[in-house]
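Here is the structure we will look at, set down as structure tokens.
The values are calculated or read from the model by the stated rules, or taken from the named source; none is laboratory data. The structure displayed is predicted, hence computed values, not measured ones. Note: ideal-geometry Cβ built from the backbone for every residue, glycine included; neighbour counts use all protein chains shown.
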Amino acid sequence: MNDLARTVEALLFLSAEPISVERLADAAEVSEGEIVEALARLREHYAEGYRGVVLREVAGGFTLATDPVAERAARRLLARPRTPPLTQAQAECLAIVSYLQPVSRPEIARIRGVASESAVGTLLERGLIEESGRSRFGATLYRTTELFEKLFGLSGLDALPDPSAFDPSPQEEGELRERLLRAGEQRAG
Amino acid sequence: MNDLARTVEALLFLSAEPISVERLADAAEVSEGEIVEALARLREHYAEGYRGVVLREVAGGFTLATDPVAERAARRLLARPRTPPLTQAQAECLAIVSYLQPVSRPEIARIRGVASESAVGTLLERGLIEESGRSRFGATLYRTTELFEKLFGLSGLDALPDPSAFDPSPQEEGELRERLLRAGEQRAG
Amino acid sequence: MSLATLDLDLEVFHGPFDLLLTLVLREEVDLLEVDLAEVVLAYVEHLERAGELDLEAATEFLVLIAALLELKSRLMLPQEEDEGLDLEPREAAEELLARMLEYHRYKAAAEHLHERLAAEHGHRYRSAPLPPELRRISIEAAEAAYDPELLARAIGDLLRIPPPLDLTHVRRPAVSVDQRLRHLRDLLATRNRFSFDDAVKGADRLTEAVTLFALLELYKAGEAKWEQEVPFGPITVVPTQ
């Protein structure tokens, strides 16, 4: 495998979604023809029936996916979702998403007063939140998942507990979103 | 590659977190010895320098990661750096937490000689350390996370070098002591 | 901005701070002759020129200057007062050494972490949600593991606005230097000479301190001077003739 084929393999590995030849060429700073050639080399390595991961061409481009040979083991591995305790940052991000959904990452950062990349990434990985389109400013929006509801034993989003029991200043006016943003901005000073 | 090696490859590809030999064996319904063998086969396929993806042992388990050959293209594709570098203050706090965990912030401050609130806050935010209960004086204790081990390529905390490796040699230490003592006695005379 | 770029121009030393430190430790420069306040001032100027506070460099500087100050203050104490100290000079040096070594250890460990992270540069991990068919499985098998109250509690924490600093407990000083200046001038005019104790009889500590400050003002203005025969003995204030 030459360096370009290796690079294409790494890019396909990293991306959760299919990548077009055009985007691959742009990322690797080579022509589309060279990408097509690298993909042909990769295809030899990922011939079906030989590997646990296969190269697929789907609408929108190329992607790596697991071979059905591993399905039973994958089900067993994932049978019980891992539920390590949430860190404070993760709990805050999840609370913001669950009460305000859909909500964008910049909004989460404004409310928390700090960038929240790592916590949001972990929640996505664990399947507690998912993407839900884009805001009119182009930021990715997030919402909670069905898995989230099951792991919190909620019959639906309307079963979320009323936060007013923990509200430090219930006399404050305004919608929850507006108040959270205001508090976040004051904390950030 | 046999079916078991293919299955292990698929499981490593699917899981966002490193998987221990024990969990792999459980998922694939084979013995740990067979998993170790399958991992050895996989390792041949993923020998560094030949592929865009490499097999790594980190955070107490096995996982796949990209090879640095693809870093430039990965950065262009994902439009974000792998992980921002640490500042000196953050690195010092992280070193103290990694060796003395669980450790409280006052203890970190005592060793560094300055308050370390902001550095500790950033490490928490970036998911490199997390809270781990309270000391008997009520101070929050911190420990490192699995993400820390992943990002620093550590197979486990015991893969950190013995901290005494960072101490000055007995000779250097002796000289420093001499100087301090002579300075202390000199004022008398 | 690193400490290596902090250039000092002192009476006994001219050069970078790092070098000064080395020379002090090698005793090629006598710490007793180094004006540490000058070093601090030079550092502050250095910060101002840089236009920003580099917390890391500041941290390093503070640790080093604190160690130097501690050492120097021990050097400056007169010999006969040693008995009164909590620490003998040997112990003091040992304690200082232990602290410097401990910090040194974690500073070097931090360097090691920097190198490790740099060596890992280029190894990225995959972070992707599960494929839809497997996502289903984990939802089916999922059981309640978290308490929903933790979400409401987190919202409560996020709604908290830090209270503005409460300054009501900080009383304005009940005495002013002007008042105490008037008091001292009255005493000088009526009694010619008087003891400082008399001037502050029945007064609280704050008033005593302000009175001492007023006395210094009088001295500066050339209106009064004082006599004190033994350390901690009575102070007698007399007008300047």
Report task. Report yes if B:THR7 is buried (at least 17 other Cβ atoms within 10 Å of the Cβ), of a type in the set (Ser, Thr, Tyr) and closer than 22 Å to A:VAL54 by Cα, otherwise no. Result -> yes
Query raised in the report: In segment A:40-53, is there at least one residue being among the hydrophobic types (A, V, I, L, M, F, W, C), more than 12 Å from chain B (Cβ to nearest Cβ) and over 24 Å from the mean Cα position of the chain (by Cα)?
Result: yes
Report task. Please determine, by comparing only the residues of segment C:133-179 that are more than 7 Å from chain A (Cβ to nearest Cβ), at pLDDT 80 or above and part of a loop (DSSP other than H, G, I, E, B), which one is nearest to C:LEU206 (Cα to Cα). Result -> C:ASP147
Query raised in the report: Name the pairs: first residue in segment C:219-235 and of a type in the set (Val, Ile, Thr), second residue assigned to a strand (DSSP E or B), Cβ to Cβ under 9 Å, at least 6 apart or on different chains?
Result: C:ILE235/C:SER195; C:ILE235/C:TRP226; C:ILE235/C:GLU227; C:ILE235/C:GLN228
Requested in this report: Tell me, yes or no, whether segment A:54-77 has at least one residue that is surrounded by 18 or more Cβ atoms within 10 Å (Cβ to Cβ), over 23 Å from B:LEU55 (Cα atoms) and of a type in the set (A, V, I, L, M).
Outcome: no
Query raised in the report: Name the residues in segment B:10-41 that are crowded, with 22+ Cβ neighbours inside 10 Å and of a type in the set (S, T, N, Q), would you?
Result: B:SER15
**Report entry** Test: B:GLU44 is of a type in the set (D, E, K, R), surrounded by fewer than 17 Cβ atoms within 10 Å (Cβ to Cβ) and touching a residue at least 12 places away in the same chain (Cβ under 8 Å)
**Finding:** no
Query raised in the report: Which residue out of B:ARG105, B:ARG75, B:ARG80 is free of Cβ contacts under 8 Å to residues at least 24 places away in the same chain and either over 18 Å from C:ALA119 (Cβ atoms) or hydroxyl-bearing (Ser, Thr, Tyr) (or both)?
Result: B:ARG80
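Against the definition (in contact (Cβ under 8 Å) with a residue 12 or more places away in the chain, among the aliphatic types (A, V, I, L, M) and surrounded by fewer than 18 Cβ atoms within 10 Å (Cβ to Cβ)), how does A:LEU128 come out, yes or no?
No.
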Query raised in the report: In segment C:94-113, which residue that is aliphatic (A, V, I, L, M) and either farther than 13 Å from B:LEU86 by Cβ or touching a residue at least 24 places away in the same chain (Cβ under 8 Å) (or both) is nearest to the other protein chains (Cβ to nearest Cβ)?
Result: C:ALA108
Report summary line: Of the residues in segment C:94-125 that are of a type outside the set (Phe, Trp, Tyr) and not in a helix (DSSP H, G or I), the one that is surrounded by the most Cβ atoms within 10 Å (Cβ to Cβ) is C:ARG124
